[in-house]
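Written below as structure tokens is the structure these notes are about.
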Amino acid sequence: MSFPAPKPEGPQIPQHLLWTLDSQQGPVRAVRFNADGNYFLSCGADKSLKLWSASKGTLLKTYSGHGYEVLDADSSFDNSQICSCSSDKSVILWDVASGQVTRKLRGHAGVTFCVFNVVVVTPGSIDGTVRCWDVRSRRNEPIQILDEARDGISSLKVAQHELLTGSVDGRVRRYDLRMGQLHVDFLSSPITCVCFSADGQCTLSSSLDSTLRLLDKSSGEMLGEYKGHTMKGYKLDCCLSSKDTHVLSCSEDGHVYCWDLVEGSLSLKLPVGKAVVQSLSFHPSECRLLTAMEGRVQLWANEPETEETDTLVL
Amino acid sequence: NMAADSDKEGTDFVSFGTPLEPLDEDEPLKKPVPIYEQTVKDEKGRYQRFHGAFTGGFSAGYFNTVGSKEGWSPATFKSSRESKAENQKARGPEDFMDEEDFGEHGIAPSEITRSAEFQSGHKDAATAKARAVNAQSSLIPGDTLLEEIIAPAESSIGVELLKTMGWREGQGIGPRVKRKPKKQRPEEGPRVYGCSRPPAGSESSEEDDGEFAPQNVTFAPKDVTPFDFTPHLGLQGLGYRGLDPGLALGQSAEHINLFDPQLDIKTKLFGGKQKHTRHRGVAGQGFGVGAMEDEDEDIYQRDSMSKYDIEIKDEEPGDGLFGWTALRNSNKDASYIGKILEGFTLAQKTVIFPPPRLPRDYRPVRRFNPGTFVSHVSGVSPALAQPQTGGRHQLDSGQRRALIGEEALQGPSSVMDLLRPEDRERLRNIRHSRHGSSSSSRSSSSSLPPKKESGQTAAQTFKPFENNPEKQERYEQYLNCLKQGDTDALEESLDSEMTEWERSREREEFVRASILYRPSSSFLSSRFTRSKQQDDDDTVEVNRDEERDLDDKQTAVKMKMFGQLTRETFEWHPDKVLCKRFNVPDPFPGTSVVGLPKVKRDKFSVFNFLIVPESKETSGNGYFCLHWWAEIQIPRDETKHEIESTRTRRDEILT
């Protein structure tokens with residue numbers, strides 16, 4: 001017995017707002033899905049970090065312990081640990097279940113902007129360094145410090161064997177651990193966000209000249225350029241959709257812009273609100289998008305909620 | 001000194017405490033006291049048991065029982081059937097206590113205390129507690145009213161003792177003194193016509209002599225006047241007396257009319273002296289007082305007992321301030337009564353300071369004439385006499401110097417004087433050459449300085465061996481050979497006269513100096529960058545290599561030609577642990593270098609100069625470099641990374 005072939009899905013872009021919630025955290029600095037997409041974290045300016053369930057938007061836990069506003073967070077793959085970084089120059093590792101602070105890593109000279117956690121916590125900071133801390137070893141010194149940047153590091157992503165950093169000095173640096181190489185791509189204007197593509201062939205970087213550029217990883221050539229949004233002063237997020245079909249970016253005009261990756265044309269402009277959309281995060285597998293604007297977090301999906309149960313998610 | 005006294009070893013040392021027992025290695029080590037032996041025993045050897053609080057509490061007897069070693073019945077057992085009568089006597093709780101309970105920490109400590117009648121003011125803790133407890137249960141909890149109202153008229157034991165020894169109230173305490181017979185007093189006060197008391201002294205002295213004839217009669221000393229040392233805590237000043245409540249609350253004989261503007265109410269209320277006793281009404285001699293009589297101050301005034309004597313006694317000699325050791329108002333100047341503050345007295349000697357001497361042309365009037373005032377003021381240099389243009393902020397140091405009247409500093413006025421003539425020449429040449437040259441020559445000279453010249457300039461700017469000109473020459477020779485790539489640079493530049501050790505020392509020094517004192521162009525280029533505007537002619541030459549790269553890249557970005565133009569690739573060494581964590585094989589297992597090797601750092605630190613150029617002779621001199629690394633002081637940065645990278649440098653040099 002063979003099942004009928006599923007109908008080919010059109011390009012999926014999250015265009016329907018499923019729900020909005022008020023995070024009560026003051027302005028939300030970052031929203032991040034966890035590794036499997038069932039939960040998300042919101043980092044607030046009120047020094048707290050909140051864990052929410054992604055399906056309904058219910059608050060699960062609040063983690064407080066930072067001295068200043070929490071700027072970024074990430075969770076480990078087994079969902080047992082969360083790491084968060086804050087303007088108080090420290091990185092805190094939390095135990096998810098108990099909410100206790102497992103470790104507090106200090107060492108950055110400036111505000112830490114971004115964190116990524118596999119088994120190594122790598123925050124990047126305004127002092128221009130990326131410090132890699134080993135989570136298992138309990139040492140307080142970082143394993144390695146990457147300080148090639150000449151100005152602050154605004155964004156950081158980690159893939160299987162690569163570290164991608166974007167710096168305010170206008171350069172995207174990709175550290176290849178397997179090959180033992182550092183590739184520096186010069187983009188001239190300060191970079192606000194970098195991310196890998198899902199297939200691992202390209203990197204996307206957004207910079208303060210209101211441009212997103214898709215660069216080929218191996219050669220450094222530009223594969224696509226996306227314009228139309230406004231990013232002139234703020235550090236806003238950008239991301240690729242889960243299947244690398246679209247490029248999404250926050251904008252200072254209160255919209256989230258969504259371009260088709262291949263063509264570069266603007267597919268969607270999500271009206272999030274009136275203020276600057278600070279952060280966004282794409283679900284790792286499904287077509288869902290989280291956006292954060294001021295104190296509110298919104299979840300957008302491909303289709304409205306009522307029909308969710310019927311569609312087969314491939 | 002300690003070393004010098006080493007021969008007198010035993011005599012100078014002082015030992016404190018008990019020394020440990022000398023440990024014999026052969027003997028088995030003594031085990032420490034085992035747990036079951038760590039017990040507390042009282043003076044009789046019985047095991048102590050502590051129930052509840054650590055001190056105090058009942059002893060648990062003999063293994064928690066009443067018995068003893070012999071058994072539960074005491075050794076001496078007396079049947080009480082026969083001796084019932086004896087049991088009738090009251091047995092207080094003390095009969096059931098043992099000596100431990102009577103001890104210091106027991107429940108009924110027996111100690112010697114004072115009994116109630118011998119207690120002085122401080123009640124002991126027990127009675128105080130009893131009173132407090134009673135106070136709680138009385139009608140008004142916490143208040144001991146009845147006790148305070150009805151207090152037994154008891155005098156303290158000290159008073160009782162004194163009384164038995166012959167003291168009376170009002171007398172002083174101390175050995176008895178003799179009282180001298182009174183001398184004749186000088187006449188005082190107005191002359192009195194009519195009956196008056198005989199001058200107290202002249203006649204009575206004779207009589208007194210008769211009465212107090214025996215010389216060996218002693219009297220009790222005078223009592224000490226208690227002086228109230230109330231500190232002056234207020235902020236009003238000495239001699240301030242507040243509102244007199246007696247006057248303010250209407251107890252005075254006069255009615256205080258607040259609405260009368262004439263009355264100076266303040267002085268009345270504050271007890272100050274009044275100029276006029278009565279403003280209104282008829283008063284004085286015309287009313288109520290006879291013509292021949294003096295006016296009384298106030299016929300309705302109330303008397304106070306202090307005006308009358310209690311005892312019939314002669315006035316004692318001296319004033320009443322017995323025991324008062326401070327100044328006394330000996331000089332009873334009537335005009336000062338009431339004006340002298342308490343505790344103060346008129347000075348014996350008044351010192352009047354002369355008025356200050358004024359300068360000859362001092363005028364107490366200030367005339368402000370901006371043009372001419374300067375000349376009037378003496379002591380100002382004529383430089384100041386000219387009116388200043390632009391105000392005081394436009395002065396330069398020379399003008400200021402003139403204003404203050406300072407001397408100019410001795411010494412060269414310009415830095416150029418300090419330089420030697422050849423240096424001056426060189427600087428001038430450089431300046432001229434820079435003026436004349438075009439940008440291309442500038443850039444070429446920056447990146448590849450001509451060899452000899454650089455060697456010369458380097459040597460001239462950094463002369464490590466200035467004191468020893470021969471050495472300096474050798475060093476320059478060495479540098480030149482280095483530049484030309486000679487591997488035997490060291491050997492050639494050595495002096496054959498020196499000993500082997502000196503030669504090796506010189507080798508080391510040359511290597512060090514060559515690394516540290518790099519030629520000025522690249523030395524400074526990494527520290528400075530060309531400014532955007534040409535401010536000065538005396539700017540330092542700048543390396544434009546970096547800038548050119550940047551411009552290229554930017555143009556590439558503008559043209560959107562990403563790729564080779566915008567990408568740079570470096571060899572980067574990840575840390576071993578990092579590779580492990582990422583589950584990736586270490587790409588460079590051999591080297592222990594971490595980070596970017598052989599890349600010029602942009603950090604403006606000493607490490608810019610410590611990068612060894614890729615040349616062969618350094619590998620041969622690796623040994624000396626290692627020595628140097630150990631010796632030089634690296635300025636500590638906050639991050640540990642700097643220290644790590646020095647390690648990498650060292651490793652890299654060795655490999």
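The values are calculated or read from the model by the stated rules, or taken from the named source; none is laboratory data. Only a predicted model underlies this, so the values are computations on that prediction, with no experimental measurement involved. Please note: Cβ atoms are built from the backbone with ideal geometry, for glycine as well, and neighbour counts cover all protein chains shown.
Below are the figures for this structure:
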item: Filter result for B:LYS558 (within 14 Å of another protein chain (Cβ to nearest Cβ), over 30 Å from A:ASP209 (Cα atoms) and modelled with pLDDT of 55 or more); result: no
item: Any strands (runs of 3 or more DSSP E) falling wholly within segment A:208-301 and containing at least 3 residues that are within 27 Å of A:TYR175 (Cβ to Cβ) and within 14 Å of another protein chain (Cβ to nearest Cβ); result: A:211-216, A:222-227
item: Filtered residues of segment A:134-153 (kept if in a strand (DSSP E or B) and either within 10 Å of another protein chain (Cβ to nearest Cβ) or of a type in the set (D, E, K, R) (or both)); result: A:ASP134, A:GLN144, A:ILE145, A:LEU146
item: Number of positions in segment B:208-256 that are more than 30 Å from B:MET165 (Cβ to Cβ), of a type in the set (A, V, I, L, M, F, W, C) and modelled with pLDDT of 60 or more; result: 7
item: Selected residue [farther than 21 Å from A:ALA45 by Cβ, in contact with a Gly (Cβ under 9 Å, 6 or more places away or on another chain) and touching a residue at least 12 places away in the same chain (Cβ under 8 Å)] from A:LEU261, A:LEU240, A:LEU248, A:LEU268; result: A:LEU261
item: Checking A:LEU156 against (1) part of a loop (DSSP other than H, G, I, E, B); (2) in contact with a Phe, Trp or Tyr (Cβ under 8 Å, 6 or more places away or on another chain), the condition it does not meet; result: (1)
item: Qualifying position, being surrounded by fewer than 21 Cβ atoms within 10 Å (Cβ to Cβ), under 23 Å from A:SER279 (Cα atoms), touching a residue at least 12 places away in the same chain (Cβ under 8 Å) and touching a strand residue (DSSP E or B) at 6+ places or on another chain (Cβ under 6 Å), among A:SER210, A:SER125, A:SER154, A:SER189; result: A:SER189
item: Subset of segment B:565-588 (residues that are at pLDDT below 80, at the interface with chain A (Cβ under 7 Å from one of its Cβ atoms) and within 28 Å of A:LEU223 (Cα to Cα)); result: B:THR566
item: The one condition in (1) more than 14 Å from chain B (Cβ to nearest Cβ); (2) assigned to a loop (DSSP other than H, G, I, E, B) that A:ASP169 fails to fulfil; result: (1)
item: Identity of the residue in segment A:16-26, touching a strand residue (DSSP E or B) at 6+ places or on another chain (Cβ under 6 Å) and of a type in the set (S, T, N, Q), that ends up modelled with the highest pLDDT; result: A:THR20
item: Matching residues, segment A:174-200, being farther than 26 Å from A:THR230 by Cα and at the interface with chain B (Cβ under 7 Å from one of its Cβ atoms); result: A:TYR175, A:LEU177, A:ARG178, A:MET179, A:GLY180, A:GLN181, A:LEU182, A:HIS183
item: Any hit, segment B:579-592, residues being part of a loop (DSSP other than H, G, I, E, B), in contact with a His (Cβ under 9 Å, 6 or more places away or on another chain) and among the aromatic types (Phe, Trp, Tyr); result: yes
item: Among the residues listed as A:PHE77, A:PHE3, A:PHE40, A:PHE33, the single one being of a type in the set (Phe, Trp, Tyr) and farther than 30 Å from A:ILE153 by Cα; result: A:PHE3
item: Residues satisfying the stated conditions in segment A:98-133, i.e. in a loop (DSSP other than H, G, I, E, B), facing another protein chain (nearest Cβ under 9 Å) and modelled with pLDDT of 80 or more; result: A:THR129
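Yes or no, residue by residue, for (1) without any contact (Cβ under 8 Å) to a residue 40 or more places away in the chain; (2) within 19 Å of B:THR566 (Cα to Cα):
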residue	(1), (2)
A:ILE145	yes, no
A:ALA149	yes, yes
A:ALA159	no, no
A:LEU164	yes, yes
A:VAL194	yes, yes
